[in-house]
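Enquirer: First the structure, which I've put down as C-alpha cells, then a few questions once you've had a look.
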Amino acid sequence: MDKNIFIRKSALRPTEEQRLLTKPFYQNANTIYQHFDDWKDIDRFYFIPLYLEMTYSVAGITAELAPDPVWLGSFVQTIRNHPDLFQFQCPDCGKTILPYRFVGSPLSGRVDLEGYCDCGWKGFKTVSGWFVRGEALRKQIAADTLRYHKFRMLHPGTRSATVEELLNMLR
C-alpha cells in the first residue's frame, strides 16, 4: 500500500453488509477505546475490518484519507497516538472525545471529527489538516501490515473477528 496516494479514479463503495458490520463500532466506540489494552494484542480483534468511507468525491475522482477497509486496531492506535490531530473536547462537559470517524475535503483541507460523549453530546468538530490526518492513519496501517501478514500466515484458517464478537468478549 502506498501511503502517499490519496487520489483514485475509482474507489469501490462498501456493500450494505460491510456498512452494517461497521455500525456497531460507531455505536460502541467509547467502550472499544476504553478497553483497547484488553484486545490490542489479539490479532483477531486488532484486524477487524471497518468500512468508514473516509472519502471525498468530485467529477468521478475520489480522494480518500485511507482506503477501506481500515483495521480497527490501526484506527484506534492512530487516534490514541495523535491526540493533537484527532482528539477534541466535548462542548458540553469538557471531556476528551475520541472520534469514531472523520471525513472531509482535500480541497478545503477541512476534516469533521465525528464522535460522542458519555454525557450525551453527539456531533462533530471541524478542524483543518486533511492531508496530515490521512498521513498519520496511513502510516499506522503501513506499520501494522507486517503484523497482519504474520497473523494470516501463522493462522491460515482464522478470520478476523467482528465488532460484535469483540463487544461480547469485553462483556
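Enquirer: For the stretch 79-113, which residues satisfy the criterion of being of a type in the set (D, E, K, R) and under 19 Å from the mean Cα position of the chain (by Cα)?
Expert: Scanning the stretch 79-113 gives ARG80, ASP84, ARG101, ARG110, ASP112.
Enquirer: State yes or no: is PHE25 assigned to a strand (DSSP E or B) and at pLDDT 90 or above?
Expert: no
Enquirer: Could you say which residue among THR158, THR145, THR162 is modelled with pLDDT under 95 and either more than 22 Å from ASN28 (Cα to Cα) or of a type in the set (Val, Ile, Thr) (or both)?
Expert: Sole residue among the options that is modelled with pLDDT under 95 and either more than 22 Å from ASN28 (Cα to Cα) or of a type in the set (Val, Ile, Thr) (or both): THR158.
Enquirer: Can you say whether LEU52 is under 23 Å from VAL127 (Cβ atoms), exposed (fewer than 13 other Cβ atoms within 10 Å of the Cβ) and either modelled with pLDDT under 95 or in contact with a Leu (Cβ under 7 Å, 6 or more places away or on another chain) (or both), as far as the supplied structure shows?
Expert: Spelling it out, it is not the case that LEU52 is under 23 Å from VAL127 (Cβ atoms), exposed (fewer than 13 other Cβ atoms within 10 Å of the Cβ) and either modelled with pLDDT under 95 or in contact with a Leu (Cβ under 7 Å, 6 or more places away or on another chain) (or both).
Enquirer: Please work out which residue is nearest to ASN30 (Cα to Cα), limiting yourself to the stretch 70-87 and to residues that are surrounded by fewer than 18 Cβ atoms within 10 Å (Cβ to Cβ) and touching a residue at least 40 places away in the same chain (Cβ under 8 Å).
Expert: ARG80
Enquirer: Which one of ASP84, ASP43, ASP68 is acidic (Asp, Glu) and farther than 19 Å from ARG138 by Cβ?
Expert: On inspection, the qualifying residue turns out to be ASP43.
Enquirer: Out of everything in the stretch 88-130 that is outside any loop (DSSP other than H, G, I, E, B) and small (Gly, Ala, Ser), what residue ends up being surrounded by the most Cβ atoms within 10 Å (Cβ to Cβ)?
Expert: Top of the filtered list is GLY115.
Enquirer: With respect to the numbered conditions (1) at pLDDT below 95; (2) surrounded by 18 or more Cβ atoms within 10 Å (Cβ to Cβ); (3) not polar (S, T, N, Q), which one is the sole condition not fulfilled by ILE32?
Expert: (1)
Enquirer: In addition: Out of the stretch 28-66, which residues are of a type in the set (A, V, I, L, M, F, W, C), within 12 Å of the chain's Cα centre (by Cα) and assigned to a loop (DSSP other than H, G, I, E, B)?
Expert: PHE47, ILE48, LEU52, MET54, LEU65, ALA66
Enquirer: Please identify the pairs in which a residue from the stretch 36-52 that is farther than 12 Å from THR162 by Cα has its Cβ atom under 7 Å from the Cβ atom of a residue that is aliphatic (A, V, I, L, M) and crowded, with 17+ Cβ neighbours inside 10 Å, counting only partners at least 6 apart or on another chain.
Expert: Between residues of the stretch 36-52 that are farther than 12 Å from THR162 by Cα and residues that are aliphatic (A, V, I, L, M) and crowded, with 17+ Cβ neighbours inside 10 Å, the close pairs are PHE36/VAL76; TRP39/LEU166; LEU52/VAL70.
Enquirer: Kindly provide the set of residues from the stretch 131-143 that are under 22 Å from LYS23 (Cα atoms) and either part of a loop (DSSP other than H, G, I, E, B) or of a type in the set (A, V, I, L, M) (or both), ordered by number.
Expert: Selection gives LEU137, ILE141.
The values are calculated or read from the model by the stated rules, or taken from the named source; none is laboratory data. A quick note: this is a predicted structure, and the numbers were derived from the prediction, not measured. Note that each Cβ is placed from the backbone with ideal geometry, even for glycine, and that neighbours are counted across all protein chains shown.
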